[in-house]
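Below: one structure, written as structure tokens.
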There are 2 protein chains.
Amino acid sequence: MANIKLEKKILSRNDMLAAELRQQFLKERVAVINMVSSPGSGKTSLLEKTLEGLSRELSIAVIEGDLQTANDAKRIAVTGVPVHQINTGSACHLEAEMIRKALDHFNLKDLDLLIIENVGNLVCPSAFDLGEDLRVVLVSVTEGDDKPLKYPAMFHTAQLMVVSKVDLLPHTDFSVDAVIENARSLNPGIRILQTSCRTGEGLPDWNQFILSLVESSRHPIG
Amino acid sequence: MANIKLEKKILSRNDMLAAELRQQFLKERVAVINMVSSPGSGKTSLLEKTLEGLSRELSIAVIEGDLQTANDAKRIAVTGVPVHQINTGSACHLEAEMIRKALDHFNLKDLDLLIIENVGNLVCPSAFDLGEDLRVVLVSVTEGDDKPLKYPAMFHTAQLMVVSKVDLLPHTDFSVDAVIENARSLNPGIRILQTSCRTGEGLPDWNQFILSLVESSRHPIG
């Protein structure tokens, strides 16, 4: 009982801070993406392809979240894009306070787009708003098409589902129709893209999606 | 600070209860396996193959842990093996107390082996002892060979790492040597098996490993 109360207090503090971050991002006209998924669904690979495709036309920065290691930040750093690694230690998710501190490493005024790669975890990050415009959940075709039903909060709170590693479809029992049906049963409005970083399939659609998001952030309504 | 204190208290209560469960399992001479991994690494598939291979010679029961759905319990029930599904709601791991309650659904005296399939999560379950004899962590070859370094607690606390879905190796950049090196850098004594539920590779070794574990539980030392 005390545990639940404390959890609610932490979440409510996080929500307040996330709302402040959202205001700040809006003011600076920076689009912000929060990438979430299981470990190993291909978040960093998709991020690398995104930077390859868009870093000439957009000013992008990246925040990497992991329990340990700066492996992902190193992978991103070679692209020349500014990147900051957060190591959460034993925490299974990023929180708005960590993002607020990480912003000291960037000049928001110069950015079009900030991409946050969350800790690989289909449970905990769902409850923590980071002030993002877009929460994208990846599910790779090797994980099974039932994942939305088993981890509903994550698929319920995302605006976009990326079905990744579709080049492996012929080697799995994964049904794209089933994963779409499962995701939409929880979240009827969720957008869906299918990608493969190995073949390049779906990457132009993904890039176009991001360009539209950045465009909306430059000309916010209201 | 209050959060850390509360977490310690919950963990210490869990450890006490897990120790009681371990005593009970020892007394009843039941071997207990706790299977952990990312979502979609193939725990349920390996479990199905295990029951197929061993349920004629061993008396086995299964506890399934998921946030939502009884999908996995249904998959196991068709094998005829007794199974109980725990739905954790929003909790990212199983706890000893949940196992204690689930035991009401089985007659421990009649069992050789109890297999617990934990919630798919590479972070949270690492801190919660369930009284098991063997903690086995699966890592599928599509997840990347750096996973032990990024989720060290899980690989540090497991006695066995199963590298799963090795049939997909030709379609990935995964290095089996690298994942072994990474796991052993954290846990030098960790045992390693490579399996594919599609081709059957490694399953005889896995079954043999389990038979030895059950044999040790029947004739405990001391």
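Of the residues making up the stretch B:184-195, at least one is in contact with a Ser or Thr (Cβ under 6 Å, 6 or more places away or on another chain) and open to solvent by less than 80 Å² (accessible area, probe 1.4 Å). For the stretch B:151-163, residues that are touching a strand residue (DSSP E or B) at 6+ places or on another chain (Cβ under 7 Å) and open to solvent by 10 Å² or more (accessible area, probe 1.4 Å) total 2.
Taking the stretch B:1-55 as the range and being part of a loop (DSSP other than H, G, I, E, B), open to solvent by 20 Å² or more (accessible area, probe 1.4 Å) and of a type outside the set (Gly, Ala, Ser) as the test, the residues that pass are B:1, B:29. What about residue A:64, is it within 15 Å of the chain's Cα centre (by Cα) and not in a helix (DSSP H, G or I)? Yes: the conditions hold for residue A:64. Scanning the stretch A:147-196 for residues that are of a type in the set (Ser, Thr, Tyr) and facing chain B (nearest Cβ under 9 Å) yields A:151, A:172. Restricting attention to the stretch A:207-221, the residues that are among the charged types (D, E, K, R) and closer than 27 Å to residue A:196 by Cβ add up to 1.
Under the condition of being open to solvent by 10 Å² or more (accessible area, probe 1.4 Å) and over 23 Å from residue B:97 (Cβ atoms), which residue from the stretch B:122-146 is farthest from the other protein chains (Cβ to nearest Cβ)? In this case the residue turns out to be B:145. The residue of the stretch A:71-115 that is surrounded by the fewest Cβ atoms within 10 Å (Cβ to Cβ), among those that are within 14 Å of chain B (Cβ to nearest Cβ) and assigned to a loop (DSSP other than H, G, I, E, B), is A:89.
The values are calculated or read from the model by the stated rules, or taken from the named source; none is laboratory data. Keep in mind that what you see is a predicted model, and the values were worked out from it rather than measured. As a convention, Cβ positions derive from the backbone with ideal geometry for all residues, glycine included, and neighbour counts pool all protein chains shown. Heavy atoms of the whole protein, side chains included, go into the accessibility calculation; ligands, DNA and RNA do not. Shrake-Rupley method; radii C 1.70, N 1.55, O 1.52, S 1.80 Å.
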